[in-house]
Amino acid sequence: MNTKLLTRFLALLFVFGTALDIEAQRRKRNKKNDKKGKEVAAKATKPKPKKGAIQPYEKVVTKKHKTDEGLFKVHTKDQSYLFEIPDSLLGKEMLMVTRIAKTASGIGFGGGKQNTQVLRWQKKHKKILLRVVSHSVVADSILPVHEAVVNSNFEPILFSFPIKAFSKDSTATVIDATPLFSKDVKAIGFPQFRRRQYKVTRMDKERSYIDRISSYPKNIEIRHVKTYLSNQPPSNRSVGSISIELSNSMILLPKKPMKRRYFDRRVGWFARSQTDYGLDAQKSKSLTYLDRWRLEVKDEDIEKFKRGELVEPKKPIVYYIDRATPKVWRKYIKQGIEDWQVAFEEAGFKNAILAKDPPTKEEDPEWSPEDVRYSVVRYLASPIPNANGPHVSDPRSGEILESDINWYHNVMTLLHNWYFIQTAAINPEARSNKFKDEIMGRLIRFVSAHEVGHTLGLPHNMGSSVAYPVDSLRSASFTKKFGTAPSIMDYARFNYVAQPEDKGVAMMPNIGPYDKYSINWGYRPILDKTAKEEKPILNSWIAKRAGNPVYRFGHQQVVNIIDPSSQTEDIGDDAIKASTYGIKNLKRILPRLEEWTTEEGETYEELNTMYGQLLGQFNRYMGHVSSNIGGVYEHYKAVGQEGAVYTPVSKSHQKNALRFINKELFTTPTWLIDKNIAEKTQFSGTGERIRSLQVRTLNRILKPGRMVRLVENETSNGAKAYTLLEMMNDLRRGVWKELYSANKSVDAYKRNLQRAYLDRMDFLLNKAKNQRATNNGGYFKQTGVNVSQSDIKPVVRGELKRLKRDLQRNIAAARNTITRYHFQDAVDRINDILDPK
């Protein structure tokens, strides 16, 4: 083949090869496009998942999620929290406890409970609903009326969650719980009354977040920070907002509720009520049952218990001491807790109540005092001079599930001031600004025991302290054996009755006979009996002690004191006698107050504080005595017990009470006016302090309700009663004593009191409003008064006219000009009251 032919052949081969390559590439490209087209077509024909549709588990709970096992699984990724709720927990009741975990200055305190409510998770269509459950109205499910009760108490929906996925074995449901805690859900957030108080407008989402959600075997713990825009924040006002950290504890309620024990008002107890429409009664009836811990006898110890031997409970009551508690005080707080062992022994248990230190952070980094599995004595950095002992209980049965004692740091100031003013006259250990650790420790132990009593279910028993004769409180042998009151749940602080010569007397109450009696009544197991079958037995225990003042319960009263034998801060069976001893001790303290409260180089701040405390203690004595005027004793009884429930205070005692007030208070208590203290603590105001003391008691005596009770007593008991006319006459002759004596000179303090008397009479005649009778279960009582249709106005008008005549007769006899002007002014004031323009 020649060269030319070869060249043509190669060229043709090249063109042909290239064409083949191009064709191959074209086919390959077409094939690829066909495949891509088929994929696109397939995708186009495949249905897209709807928004919010239930997804495969692995699409929702990914490998990037961190899972916390517990009551139910909590899956966390970034700021997203998924709850995997077992179907077995749907419909089960859980108790949600909302607390403030950390707060800004001025808003409550860390650990302060804000709300409790029962919740129920419910599956409905493609959603999980969180419903709020009420146990206030019930009926047995087997009764026809149950349907009506259910229809009348539809459970509100707190929150709704779309179902995200089901677990791989289809036994659990996954939801996104984030919005429940990231949004402003008021039921588990900042309380409404706080919002109104600080004029909160809305939550700032940008400054709010979930800190953590942890799952435990029986509960879920949530911490979230909320920031609210506020027009009146209590602190840091420049930022115009409030930030708090909230704690929500969600605990599974016991599968089997504890057996109830029904309430009896003759034994003081925290209780809850439930209206049961399923009872065999011709009306809706409320059942009230105790809040108490579940203390049960172990099966193997039942025979021992029946023989009267002490046994340990299946599960003791355990209190942990907050890690924040200063070490120096921990043992005293523990002693106060375990002092209740003697009371539980009365109920048949040993080692029923224990105090423990919590695990260290190294031992258990997740241990938290907000965890409802633990009952904790919380030590709070707060200026509030107090302590309190709330608890959380199962609304179905009253079983206490958890309790926290809130121990404010400044309670020591309160203890110091009480102990100083009430005992320094006879007690050298109380005569300083700072007590020895063992003295303060003993006081802390006393308060610890009192607050633990609340967490066990016991309210204040203000009727306890009058059980002991006043003179017995001066006996060392008596007080060492019985303390200063039968119950540590009274506000019977310290022994102000004891005098310097009464060596060795006890200064405060301990766990007393009433405390042992009430714990036995509330906690002793009654085996093989239903709650209803227990009632006759419980009644027999009360009947056995009936009539003995040591075992009497007297409800706490606020605002109005109706029953003078159930007051706060008093001791002894005779307020007049006890207060007389107390005043003697105040008169011993006052001259040495500067010596006992000041230090070289320091200011007189403590002197001023303790002088104020002394005046306050004197005012308490006036209150204790004056409440007997128009007073009515209240002794709870049941059908079958003899005697009245309500009995007026005797005429002689009421009359002596007003005689005491006229002598000790309305005759100017000049011994309280210490010129040396005044010169070192104030530039003015002594007269105002005395006036304030006098006016407070005067207005208390001249309360419309008290005056009406005097009228009612006269109507019922005639000459045996201390009448309103007698009381008003005795009061006028005490306040205006100078009109009825040879000395017609009235000092500045007395002139102030007499003008206050006229102001109060003006109020009663022209300004007093009708009062509705109220008794909200014991704390607040008010006598119903229709002022214009009662004897109040005629008696007041008559007294003013009588006083006007007496003033006019004595103007010329006034010993000095200021007294004469005062009498003339009083006449003009009376004219204005009788004929207001």
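The values are calculated or read from the model by the stated rules, or taken from the named source; none is laboratory data. Only a predicted model underlies this, so the values are computations on that prediction, with no experimental measurement involved. No Cβ is skipped: glycine too gets one built from the backbone with ideal geometry, and neighbour counts run over all protein chains shown.
Evaluate the following for residue 538: is it more than 27 Å from residue 635 (Cα to Cα) and not acidic (Asp, Glu)?
The answer is no for residue 538.
Would you check if there is a residue in region 374-381 being farther than 15 Å from residue 456 by Cα, not aliphatic (A, V, I, L, M) and not assigned by TED's automatic domain parsing to the domain that holds residue 120?
Within region 374-381, one or more residues are farther than 15 Å from residue 456 by Cα, not aliphatic (A, V, I, L, M) and not assigned by TED's automatic domain parsing to the domain that holds residue 120.
Which ones in region 201-238 are touching a strand residue (DSSP E or B) at 6+ places or on another chain (Cβ under 6 Å), more than 30 Å from residue 65 (Cβ to Cβ) and touching a residue at least 60 places away in the same chain (Cβ under 8 Å)?
233, the sole residue that qualifies.
Can you name the condition, by its number, that residue 537 falls short on among (1) over 27 Å from residue 641 (Cβ atoms); (2) modelled with pLDDT of 95 or more; (3) not polar (S, T, N, Q)?
(1) is the only condition that residue 537 fails.
Any idea which of 351, 410 is closer than 22 Å to residue 312 by Cα, without any contact (Cβ under 8 Å) to a residue 60 or more places away in the chain and more than 16 Å from the chain's Cα centre (by Cα)?
351
One residue is enough: does region 42-54 have a residue meeting the conditions surrounded by 14 or more Cβ atoms within 10 Å (Cβ to Cβ), out of contact with any Gly (no Cβ under 8 Å at 6 or more places or on another chain) and at pLDDT 85 or above?
Yes.
Could you please find all residues in region 621-648 being assigned to a helix (DSSP H, G or I) and surrounded by fewer than 21 Cβ atoms within 10 Å (Cβ to Cβ)? Don't jump to the end; show me each part of the working.
Residues of region 621-648 assigned to a helix (DSSP H, G or I): 621-626.
The answer is 623, and nothing else.
Take the residues in region 788-810 that are in contact (Cβ under 8 Å) with a residue 40 or more places away in the chain, assigned to a helix (DSSP H, G or I) and of a type in the set (D, E, K, R), then tell me which one is surrounded by the most Cβ atoms within 10 Å (Cβ to Cβ).
Result: 799.
If the Cβ limit is 8 Å and pairs must be 6+ apart or interchain, which residue in region 173-200 that is in the same structural domain as residue 244 (by TED's automatic domain parsing) and farther than 30 Å from residue 86 by Cβ pairs with which residue that is of a type in the set (D, E, K, R) and surrounded by 15 or more Cβ atoms within 10 Å (Cβ to Cβ)?
Pairs that qualify, where the first residue is in the same structural domain as residue 244 (by TED's automatic domain parsing) and farther than 30 Å from residue 86 by Cβ and the partner is of a type in the set (D, E, K, R) and surrounded by 15 or more Cβ atoms within 10 Å (Cβ to Cβ), are 190/226; 200/194.
In region 350-392, what residues are within 30 Å of residue 417 (Cα to Cα) and either in a loop (DSSP other than H, G, I, E, B) or touching a Cys at 6+ places or on another chain (Cβ under 9 Å) (or both)?
357, 381, 382, 383, 384, 385, 386, 389, 390, listed by residue number.
In region 664-692, how many are assigned to a helix (DSSP H, G or I) and farther than 18 Å from residue 732 by Cα? Before the answer, list the steps.
Taking region 664-692 first, the residues assigned to a helix (DSSP H, G or I) are 664-666, 670-672, 675-681, 686-692.
Then drop every residue that is not farther than 18 Å from residue 732 by Cα, which leaves 670-672, 675-681, 686-690, 692.
The number of residues fulfilling the criteria is 16.
Out of the strands (runs of 3 or more DSSP E) lying entirely within region 108-177, which hold 1 or more residues that are acidic (Asp, Glu) and modelled with pLDDT of 90 or more?
Details: elements: 112-124, 127-133, 157-166, 172-176.
It comes to 172-176.
Kindly check whether there is at least one residue in region 802-816 that is under 41 Å from the mean Cα position of the chain (by Cα) and modelled with pLDDT of 95 or more.
Taking every residue of region 802-816 in turn, none turns out to be under 41 Å from the mean Cα position of the chain (by Cα) and modelled with pLDDT of 95 or more.
Among 751, 772, which is surrounded by 14 or more Cβ atoms within 10 Å (Cβ to Cβ) and among the basic types (Lys, Arg)?
Only one candidate qualifies: 751.
Given the structure, is residue 455 in contact with a strand residue (DSSP E or B) (Cβ under 6 Å, 6 or more places away or on another chain), surrounded by 23 or more Cβ atoms within 10 Å (Cβ to Cβ) and closer than 24 Å to residue 387 by Cβ?
Yes.
For region 311-327, give me each residue that is of a type outside the set (D, E, K, R) and either touching a helix residue (DSSP H, G or I) at 6+ places or on another chain (Cβ under 6 Å) or under 19 Å from residue 371 (Cβ atoms) (or both).
Of everything in region 311-327, those that are of a type outside the set (D, E, K, R) and either touching a helix residue (DSSP H, G or I) at 6+ places or on another chain (Cβ under 6 Å) or under 19 Å from residue 371 (Cβ atoms) (or both) turn out to be 311, 316, 317, 318, 319, 320, 321, 324, 325.
To keep it simple, each residue is scored yes or no on (1) within 23 Å of residue 808 (Cβ to Cβ); (2) modelled with pLDDT of 95 or more.
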{"site": "726", "(1), (2)": "no, yes"}
{"site": "750", "(1), (2)": "yes, yes"}
{"site": "756", "(1), (2)": "yes, yes"}
{"site": "761", "(1), (2)": "yes, yes"}
{"site": "764", "(1), (2)": "yes, yes"}
{"site": "779", "(1), (2)": "no, no"}
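Within region 542-570, which residues are without any contact (Cβ under 8 Å) to a residue 24 or more places away in the chain and part of a helix (DSSP H, G or I)?
544
When you look at residue 425, is it surrounded by 19 or more Cβ atoms within 10 Å (Cβ to Cβ), closer than 30 Å to residue 306 by Cα and of a type in the set (A, V, I, L, M, F, W, C), yes or no?
In short, no.
When you go through 522, 463 one by one, which is the residue that is small (Gly, Ala, Ser) and touching a strand residue (DSSP E or B) at 6+ places or on another chain (Cβ under 6 Å)?
Working: 463 fails: touching a strand residue (DSSP E or B) at 6+ places or on another chain (Cβ under 6 Å).
Exactly one residue qualifies, and that residue is 522.
Looking only at region 263-295, how many residues end up being surrounded by 17 or more Cβ atoms within 10 Å (Cβ to Cβ) and at pLDDT 90 or above?
Going through region 263-295 one residue at a time, the tally reaches 15.
Residue check: is residue 698 modelled with pLDDT of 95 or more, crowded, with 18+ Cβ neighbours inside 10 Å and touching a Lys or Arg at 6+ places or on another chain (Cβ under 7 Å)?
Working: modelled with pLDDT of 95 or more: yes; crowded, with 18+ Cβ neighbours inside 10 Å: yes; touching a Lys or Arg at 6+ places or on another chain (Cβ under 7 Å): yes.
Yes, satisfied.
Taking the conditions exactly as written (of a type in the set (A, V, I, L, M, F, W, C) and either at pLDDT below 95 or out of contact with any helix residue (DSSP H, G or I) (no Cβ under 9 Å at 6 or more places or on another chain) (or both)), does residue 82 satisfy them or not?
No; evaluated as a whole, the condition is false for this residue.
Quick one: count up the residues across region 734-761 that are without any contact (Cβ under 8 Å) to a residue 60 or more places away in the chain, part of a helix (DSSP H, G or I) and more than 39 Å from the chain's Cα centre (by Cα).
Adding up the residues that qualify gives 0.
Just to be sure I understand, how many residues within region 381-406 are crowded, with 22+ Cβ neighbours inside 10 Å and farther than 23 Å from residue 96 by Cα?
1
How many residues, within region 762-787, are of a type outside the set (Asp, Glu) and in a helix (DSSP H, G or I)?
6
So in region 196-246, with the set limited to residues that are basic (Lys, Arg) and surrounded by 18 or more Cβ atoms within 10 Å (Cβ to Cβ), which one is farthest from residue 89 (Cα to Cα)? Reasoning before the result, please.
To start, the set of residues in region 196-246 that are basic (Lys, Arg) comprises 196, 199, 202, 205, 207, 212, 218, 223, 226, 237.
Restricting the remaining residues to those that are surrounded by 18 or more Cβ atoms within 10 Å (Cβ to Cβ) gives 223, 226.
Working: 223: 22, 226: 29 Å.
Per the stated criteria, the residue is 226.
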